[in-house]
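Asks: Could you have a look at this structure, given as structure tokens, before my questions?
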Amino acid sequence: ARKRAEAAGRYVPPDGYERVTYRVKSGDTLGAIARRLGVSVKHLQRVNGISDPRRLRIGQQLAAYRPPSTS
């Protein structure tokens, strides 16, 4: 499945990374969401297929992948 996803051009997280999600609220920006989730804006755009960051919709669910917490 991993190779098929990579071949199709979809984002495939590194092994061990955890998936986190966020539901867009009124006033949110991609930059603020990225900071909250601990990832880059480019990461959010790539994972969620966002070409224009100004077109976020309230209620839209975004996903991100980050390294597992070490706590």
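Quick note: the coordinates plus some simple rules give every number you see, no bench work behind them. The structure presented is a predicted model; accordingly, all values stated were derived computationally and were not measured. Cβ coordinates were reconstructed from backbone atoms using ideal geometry, including for glycine residues, and neighbour counts include every protein chain displayed.
Asks: Suppose each label sits 7 Å from its Cα in the direction of the beta carbon; what would the ARG46-ARG23 distance come out to in nanometres?
Replies: Spacing of the two 7 Å Cα→Cβ label points: 2.8 nm.
Asks: Something else now. State the extension gain, in nm to one decimal, for the chain segment bounded by ARG66 and TYR11, taking 0.36 nm per residue of separation less the distance between their alpha-carbons.
Replies: Stretched fully, the ARG66-TYR11 segment lengthens by 18.5 nm.
Asks: Could you pull out the longest piece of the chain with no exposed loop trypsin sites (Lys or Arg not before Pro) in it, calling a site exposed if DSSP puts it outside H, G, I, E, B and it has at most 15 other Cβ atoms within 10 Å?
Replies: Excluding the exposed sites themselves, the longest stretch runs over 26-56.
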